[in-house]
Amino acid sequence: MRYHNITKDDMLNGEGLRVVLWVSGCTHHCRECQNPVTWDETVGLIFDEAAKKELFDQLKKDYISGITFSGGDPLHPANIGEIEALAKEIKETYPGKTIWLYTGSQWEEIKDLPWISYLDVVVDGEFVQEKKDTQLRWRGSENQRVIDVKKSLEEEKAILYDI
C-alpha cells in the first residue's frame with residue numbers, strides 16, 4: 001500500500017482531534033475531487049513500519065480521538081488488505097479510539113466486509129459536484145452519508161451517525 005500523507009491533529013475528517021492516513025489508489029475519479037493526486041495507486045510513499053509507528057505514536061496521545069482512513073479510497077484493491085490489518089490492530093490496541101473510513105463505495109456494497117465491525121463510522125458515496133455543500137459536516141456533497149457502523153450492523157440498514 002502507498003500513501004500520500006499522515007495528517008496530525010486534524011479536526012475536519014471526523015469527530016475530535018484525529019490522525020488521518022491519506023492512501024493512494026481510487027477508481028471512483030469523482031469530478032472536482034479534492035485529492036485527484038491520490039487516484040494512482042503507484043504514487044506516494046510506501047506504507048512501511050516507520051509510517052505505522054508514526055500512526056501509533058499519534059494514537060497513544062490522550063487527546064487524539066482516533067484515526068481516519070481517507071485518500072484515494074481505503075477500499076481500493078491496493079489498500080484494502082493493509083487497511084483491514086490496521087483497523088484490526090488499532091481496535092485491539094486502542095479500543096477507546098474511533099476509526100473512521102471515507103470511501104466512494106456505498107454502505108450497501110461494503111456492509112458485509114468481514115472486518116467492517118472494526119470501524120466506527122463510514123462516510124460513503126462518491127463526491128458529486130452538483131450536490132456540493134460546504135456547510136455539511138464531515139462530507140462534501142449531500143449524497144454522501146455519515147454512517148454509524150455499530151448501529152447499522154445491529155439494525156441491518158444504514159443508520160446515520162448522530163452528529
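Rule-based calculations on the coordinates, nothing more; no lab input. These numbers were taken from a predicted model, which means no experiment stands behind them. Cβ: placed from backbone, ideal geometry, glycine included. Neighbour counts: every protein chain shown.
Residues in segment 19-44 that are without any contact (Cβ under 8 Å) to a residue 40 or more places away in the chain and among the polar types (S, T, N, Q): N35, T38. Scanning segment 113-150 for residues being under 27 Å from E82 (Cβ atoms) and either surrounded by 12 or more Cβ atoms within 10 Å (Cβ to Cβ) or of a type in the set (A, V, I, L, M, F, W, C) (or both) gives a total of 24.
For first residues located in segment 123-151 and under 25 Å from L113 (Cα atoms), partners that are among the aliphatic types (A, V, I, L, M) and part of a helix (DSSP H, G or I) and lie 6+ apart or on another chain with Cβ distances below 7 Å form the pairs V149/I116. Taking residues in segment 3-18 that are outside any strand (DSSP E or B), and partners anywhere that are buried (at least 16 other Cβ atoms within 10 Å of the Cβ) and among the charged types (D, E, K, R), the pairs with Cβ atoms closer than 8 Å and at least 6 places apart or on different chains are M11/R18; L17/D10.
Name the residues in segment 82-103 that are surrounded by fewer than 22 Cβ atoms within 10 Å (Cβ to Cβ) and in contact (Cβ under 8 Å) with a residue 60 or more places away in the chain, would you? Answer for segment 82-103, where residues must be surrounded by fewer than 22 Cβ atoms within 10 Å (Cβ to Cβ) and in contact (Cβ under 8 Å) with a residue 60 or more places away in the chain: E82, T98.
When G14, G25, G81 are checked against the criterion of being on the phi > 0 side of the Ramachandran plot and out of contact with any His (no Cβ under 7 Å at 6 or more places or on another chain), a single residue qualifies: G14. When R18 is tested against (1) touching a Cys at 6+ places or on another chain (Cβ under 7 Å); (2) under 26 Å from K97 (Cα atoms), exactly one condition is not met: (1).
Scanning segment 61-78 for residues that are farther than 23 Å from G104 by Cβ and in contact (Cβ under 8 Å) with a residue 12 or more places away in the chain yields Y63, I64, S65.
A search for C-beta distances below 8 Å between a residue of segment 106-121 that is of a type in the set (K, R) and any residue that is not in a loop (DSSP other than H, G, I, E, B), counting only pairs 6+ apart in sequence or on different chains, returns K111/S152; K111/L153.
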